[in-house]
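Just so it is clear, none of the values below were taken in a lab; they were calculated from the coordinates. Note that the coordinates shown come from a computational prediction; the quantities given were computed from them, not determined experimentally. Methodologically, a virtual Cβ is constructed for each residue, glycine included, from the backbone with ideal geometry; neighbour enumeration extends over all protein chains shown.
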Ligand code: SF4
């Protein structure tokens with residue numbers, strides 16, 4: 001993936017977040033076109049399509065629905081709405097210090113600095129009235145955390161549009177899934193009223209098509225996960241960031257196309273005995289726990305180049321995926337949609353008892369042959385820090401791997417410089433893992 005270009009806004013003037021983002025993504029796209037990079041255009045195609053879909057929702061006769069936390073986005077799409085996941089704002093602007101700090105600083109005028117920067121950034125956009133598009137509705141959940149439970153109701157008031165709240169339980173069992181499925185049922189008449197469309201045969205047929213696409217995407221995602229289990233790992237750590245889009249774009253052709261192309265590329269490289277990583281030889285297989293470091297995703301490239309250490313999986317992006325097994329059975333689809341919501345990235349491990357997180361850890365450490373363990377600890381995610389000791393002791397005892405704790409702000413790049421971060425990871429790699437820094441020696 002190409003890096004985000006430098007700031008292109010005037011900080012003294014109001015910002016239009018959507019236009020600015022669309023322009024930035026388009027400039028990356030045009031740059032790649034002129035540089036003749038057809039083999040990787042698909043990495044930016046999906047970003048361009050998804051942001052422009054939001055910008056052009058009204059022009060295309062659709063309702064624009066902002067959402068926070070896991071909500072049934074496939075149902076929103078069936079009712080001709082464009083769902084806009086607000087977490088994509090902070091993760092998109094995390095590497096742009098000026099823009100990101102503009103919104104975080106605005107929120108800190110009203111909320112504690114200890115609030116998660118994922119929420120601070122998106123709340124700051126609402127407080128400054130700089131989203132750049134009018135919302136027709138806002139839908140949010142009561143998970144994953146206290147931070148979101150503070151931010152979403154505030155955003156509800158600021159956007160002042162129809163709102164629907166999903167009360168999501170901590171329990172990920174039959175009772176929990178049924179509790180959510182009942183709320184999905186109640187969501188349908190609310191959507192009918194919002195859109196003026198009926199939950200009739202035409203709508204149900206459309207919903208089925210969307211869920212078929214969701215299934216297709218999850219089959220590709222599963223195959224990509226299996227590909228990452230192979231040694232050497234063919235696909236670079238950066239692809240994990242791109243694949244996070246599966247969490248909020250289910251049921252779209254653009255997601256299916258991206259995953260399919262990625263898989264074809266990965267399988268072709270594997271057949272040729274090659275990889276798309278930045279190192280000549282894989283030496284270590286890294287698992288990043290807790291959050292992805294959106295403010296510095298380049299750190300994964302650096303680990304690849306410097307130590308031959310490939311990030312094979314990350315705790316945030318890990319997705320088991322849910323495949324709908326009876327698309328004509330509304331009761332079953334509701335139930336599985338509820339499962340999809342409760343197994344969504346971040347929710348799966350960070351909401352509820354630590355046992356859920358340990359399950360994700362077992363999946364990652366057993367199946368991906370991990371031998372380097374890094375707790376990439378986003379400071380705002382306080383409840384996961386509280387479980388950190390249990391989780392890292394578990395990894396030490398069960399897998400014999402000592403874990404590096406790195407405190408970072410996954411969204412606010414001012415928290416820790418690139419040099420500090422490299423020094424911390426480098427010291428661990430060389431003194432604990434015993435890694436050979438072949439860049440330094442070169
Ligand atoms: S990173 Fe942690 S604190 Fe931030 S929104 Fe996610 S669960 Fe909440």
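Structural remarks
- Cβ crowding within 10 Å ranks 77, 203, 178 as 178, 203, 77, fewest other Cβ atoms first.
- Gaussian network model of the chain, springs between alpha carbon atoms under 10 Å - residue of 228, 422, 92 with greatest fluctuation: 422
- For the chain, the longest principal axis of the C-alpha atoms and the axis of helix 146-159 are separated by about 40°.
- Across the chain, Cα-Cα distances exceeding 36 Å account for 24% of all pairs.
- Helix 97-107 vs. the chain, principal-axis angle (Cα, 0 to 90°, nearest 10): 50 degrees
- Residue-averaged [θ]222 nm for the chain, counting only DSSP H segments that reach four residues, each worth -39500 (n - 2.57): -16500 deg cm²/dmol
- Cα gyration tensor, the range 277-423 - rounded (a/c under 1.5), prolate or oblate: prolate
- In the chain, the longest principal axis of the Cα atoms and the axis of helix 418-427 are about 50 degrees apart.
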